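Here's the structure we're looking at; comments come further down.
Every number in this text was worked out from the coordinates using simple rules, so none of it is lab data. No experiment lies behind these values; they were computed from the predicted model shown. As a convention, Cβ positions derive from the backbone with ideal geometry for all residues, glycine included, and neighbour counts pool all protein chains shown.
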Amino acid sequence: MKAKLQEDLKAAMKAGDKPRTMVLRGLLAEISRYEVEKDVRREADEAAIIQLIKRERARREEALEFARKGNRPDLIEQNEAEIKVLESYLPAAVSPDELRAAVQAEIASGASQMGPIMKALRDKFGARLDGKAASEAVRQALSKKS
C-alpha cells in the first residue's frame, strides 16, 4: 500500500495535481513518523496505513466543520477535496443495512453489551468498519431491545 501511495504521489507531481500531491505527501510523512515513533523501527502494514488514512480523514472532517462555522468557502472546498483523495484509498465501507444485520445477529446470539458487540463487528469487518456509525447502530439496537 505504501508503494502504491508513493507511485500515486509521483504521478500527481508529474500531472501537476497540487491538492493530491499535498495530501499524499502529508500521508507519507505520517506513515514515516509511524514507522520510527518511540525509537521503535517497524514497517507500516496495510492495517496501520488504513488507520492513518482514517485519522487524516477525521482531521480533515474536523477542519471542514470549523470552516463551515467560520463561513470560509475556500477552506470548505479544500478540505472536501482532501477528504475525497483520502477516501479513494480506503476500502469500501460497510453498508448501513449490512451493519444493522450484523448488529442484530450479534444481539440474537446473546450479546447484550456494547463492548462485546463492537469487538465482534471489528473482527468481522476490520478496516471497512466505521466506528462512529457502528457504535450508533449498536446503541440504537440495544435501546430498542430493552
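Sum -39500 (n - 2.57) across every DSSP H segment of at least 4 residues in the chain, then divide by the residue count to get the 222 nm mean residue ellipticity, nearest 500.
Value at 222 nm, helices only, nearest 500: -25500 deg cm²/dmol.
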Alpha-carbon Rg with Dmax, taken over the stretch 1-121, Å: 18.1, 55
So for Lys84, Lys10, fewest C-beta neighbours within 10 Å to most, what's the order? Lys10, Lys84
Cβ-based exposure ranking for Tyr34, Tyr89, in which fewest neighbours within 10 Å come first: Tyr34, Tyr89
Under a cut-off of 25 Å between alpha-carbon atoms, report the lysines in cross-link reach of Lys54, not counting same-chain residues fewer than 8 places apart. Lys2, Lys4, Lys10, Lys18, Lys38, Lys69, Lys84, Lys119, Lys124, Lys132
